[in-house]
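So the structure is just underneath, and the comments pick up after that.
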Amino acid sequence: MLSILKFGGLAPGGVNFDAKVRRESFEPVDLFHAHIGGMDAFARGLKIAAAIRAEGQLASLLKQRYASWDRGIGATIEAGKADFKSLELYMLGKGEIAPNSSGRQEMLENLINRYL
């Protein structure tokens, strides 16, 4: 639902929705209730995604995480102006690689879980 909101809604595509019933649920009414539950889950997810976007903390953290793609070699790569040869020359000229920084996966999961 975050992606649907980010890209302006469902048009022109949509979502793939299907409902399955469990082995013990075999009457047509069971499939009816499965569809209702699935659509309710979509609606709840949409409300949660809207709240997450309104708060802005996730977007801010992601912007910080991927800031290196907005300048320097990252921007060159994203613009499609880098090839393996230019990247090799870049790294040979740079020398030592910079250490990785944490992706803070657990913190991000906790942020999302606050909404559930």
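Out of the residues in region 18-51 meeting the condition of being farther than 22 Å from Tyr115 by Cα and touching a helix residue (DSSP H, G or I) at 6+ places or on another chain (Cβ under 6 Å), tell me which one is surrounded by the fewest Cβ atoms within 10 Å (Cβ to Cβ).
Here the residue is Ala19.
Kindly provide the set of residues from region 62-85 that are among the polar types (S, T, N, Q) and at pLDDT below 95, ordered by number.
Gln64, Ser68
For region 25-39, check the following and say yes or no: at least one residue is part of a helix (DSSP H, G or I) and within 29 Å of Gln105 (Cα to Cα).
Within region 25-39, one or more residues are part of a helix (DSSP H, G or I) and within 29 Å of Gln105 (Cα to Cα).
Could you run through region 57-68 and say how many residues are assigned to a helix (DSSP H, G or I) and open to solvent by 90 Å² or more (accessible area, probe 1.4 Å)?
Result for region 57-68: 3.
State which residue is most open to solvent (accessible area, probe 1.4 Å) when the search covers only region 69-107 and only residues that are under 29 Å from Leu58 (Cα atoms), part of a loop (DSSP other than H, G, I, E, B) and of a type in the set (A, V, I, L, M).
Of everything passing the filter in region 69-107, Ile97 is most open to solvent (accessible area, probe 1.4 Å).
Among the numbered conditions (1) part of a helix (DSSP H, G or I); (2) in contact with an Asp or Glu (Cβ under 6 Å, 6 or more places away or on another chain); (3) among the aliphatic types (A, V, I, L, M), tell me where Ala51 comes up short.
Every listed condition holds for Ala51 apart from (2).
The values are calculated or read from the model by the stated rules, or taken from the named source; none is laboratory data. It should be emphasised that the depicted structure is a prediction, and the values quoted were computed from it without experimental measurement. Here Cβ is always computed from backbone atoms with ideal geometry, including for glycine, and neighbour counts include all displayed protein chains. Areas reflect the complete protein model, heavy atoms only, side chains present, ligands, DNA and RNA absent. Shrake-Rupley method; radii C 1.70, N 1.55, O 1.52, S 1.80 Å.
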